[in-house]
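Report on the structure given below.
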Amino acid sequence: MAISGWFVLALAVGAIPVVVLGGWAGLGVWGAFLLVAASVDLLLAGSPAAVRITRDVPARARLGELTPTSLTLTNTGRRTVRGTLRDAWQPSAGATPRRRRIALPASERREVTTTLTPIRRGELHAAGVTIRSWGPLFLVARQRTQTVPGVLRVLPPFSSRRHLPSRIARLRELDGRTSLLVRGQGTEFDSLREYVRGDDVRSIDWRATARRRDPAGGGAKLVVRTWRPERDRRIVLIVDSGRTAAARIADEVRLDTAFEASLLLAALATRAGDRVDLAVYDRRVRGRVQGATGAQLLARMVDVLAPIEPELIEPDWYGVPGLVRSITTHRALVVILTALDAPGSARPLLAMLPELTRHHTVVIASVTDPEVLAATRERRDTAEVYRASAAERALLDQARVAAAVRRLGGDVVTGAPQDLPPALADHYLALKAAGRL
């Protein structure tokens, strides 16, 4: 039961004569009258327990997009339910409106819509539906909360997909499907054709030239080989979900940036005809995608990545080579998305790296903090000088770790949260153009 402001106001009005004229008998009579009126009001109020509620929630939505959900209310009682409804979700769901007025006559049905704007990735759960039904005098109300289950899986936004068209255009240039001013070389033989001015003379096939004679008697015509980038290569993405993945950089969790970079690289690689596998790992495999291709690959990736949150533990880097072997026994491009911050915390990663670089092409992708770089340029007072000194030391530590990775045979790609996904995609295209996959 709930008491309205009208009831409190009526009780206060009845207390005025008592204060002015004295005597408490009048207040007791007035209070008894209000209690009787409230009891009658409560009996005449519609029963919220008689309202049957069903919920319709989409299975999935992307982070930040408006997602309508609906409640269907059916009044199985004999009185009209007039009052307030609250559809409660966890705060990160961004449910609006939180409360609304309803008028539900007996034996009728109404639909109520709640719009969700999720601000966190993962699974969102409905907390319950509360109905407060007022009587005709609006003095007291019946109230009941019903558990109406609802789960919405919020997928990564994949906002880096805006970089995909330009990278696909570059991929087509590598593949020779568009006209180029500058001719590049792939690494897989495609076909033979006649030499034209501007072709690389190193592509001339002298044996094919000797076998081909001009029927008009003009002698042999030069024949060149054409190439295309490699296809059906293996790409293995290892996303670190350990302690450092929980850091927030430029208002984005480092793990979410790794997911964005993984999705963009997977979308580009599958367009290039390569096979992509994904594992999210700290001390155990938190999520895995294998054997998917095309649109199915991205759909499975966003579904697997959606509920994963960072674990505040140090990752077991010595288990990564075994994890890669369980995914593929062939030579692959292994992309590890982790943090390269301090030499001390990077020692296990560096110790494991030679075992990977002996058999695979390894790329370490790491997010850098733009605020650290900005701090090195601010030196107006003593506090900022000390802050700049600490930022310079942090950047030197990152440079030392990156240099150690390169000495051990790996490549390093770094960038701010908005820059890392396209930078990693560009590095993949550069490796493909150089024939290093």
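The values are calculated or read from the model by the stated rules, or taken from the named source; none is laboratory data. The model shown is predicted, which means the values in this text are computed figures rather than measured ones. No Cβ is skipped: glycine too gets one built from the backbone with ideal geometry, and neighbour counts run over all protein chains shown.
Here is how the numbers come out for the structure above:
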{"quantity": "Odd one out for F138 among (1) surrounded by fewer than 21 Cβ atoms within 10 Å (Cβ to Cβ); (2) over 15 Å from A2 (Cβ atoms)", "calculated": "(2)"}
{"quantity": "Filtered residues of the range 320-348 (kept if closer than 17 Å to V280 by Cα, among the small types (G, A, S) and surrounded by 15 or more Cβ atoms within 10 Å (Cβ to Cβ))", "calculated": "A339"}
{"quantity": "Residue pairs meeting the criteria (Cβ under 8 Å; at least 6 apart or on separate chains; first surrounded by 13 or more Cβ atoms within 10 Å (Cβ to Cβ), in the range 355-380; second modelled with pLDDT under 90)", "calculated": "T361/R436; T361/L437; D369/A250; P370/A250"}
{"quantity": "Of all residues in the range 356-386 being among the acidic types (D, E) and assigned to a helix (DSSP H, G or I), the one that is farthest from the chain's Cα centre (by Cα)", "calculated": "E384"}
{"quantity": "Residue within the range 33-48 that is closer than 21 Å to P149 by Cβ, in contact with a Pro (Cβ under 7 Å, 6 or more places away or on another chain) and at pLDDT 90 or above present", "calculated": "no"}
{"quantity": "Selection count where residues are among the basic types (K, R), crowded, with 16+ Cβ neighbours inside 10 Å and in a loop (DSSP other than H, G, I, E, B), scope the range 78-119", "calculated": "1"}
{"quantity": "Any hit, the range 268-287, residues being of a type in the set (S, T, Y) and in a helix (DSSP H, G or I)", "calculated": "yes"}
{"quantity": "Condition check for R144: closer than 29 Å to L43 by Cα, touching a residue at least 24 places away in the same chain (Cβ under 8 Å) and more than 35 Å from the chain's Cα centre (by Cα)", "calculated": "yes"}
{"quantity": "The range 53-67, subset among the aliphatic types (A, V, I, L, M) and not in a strand (DSSP E or B), residue nearest to G94 (Cα to Cα)", "calculated": "L66"}
{"quantity": "Any hit, the range 328-344, residues being in a helix (DSSP H, G or I), within 20 Å of D240 (Cα to Cα) and in the same structural domain as A272 (by TED's automatic domain parsing)", "calculated": "yes"}
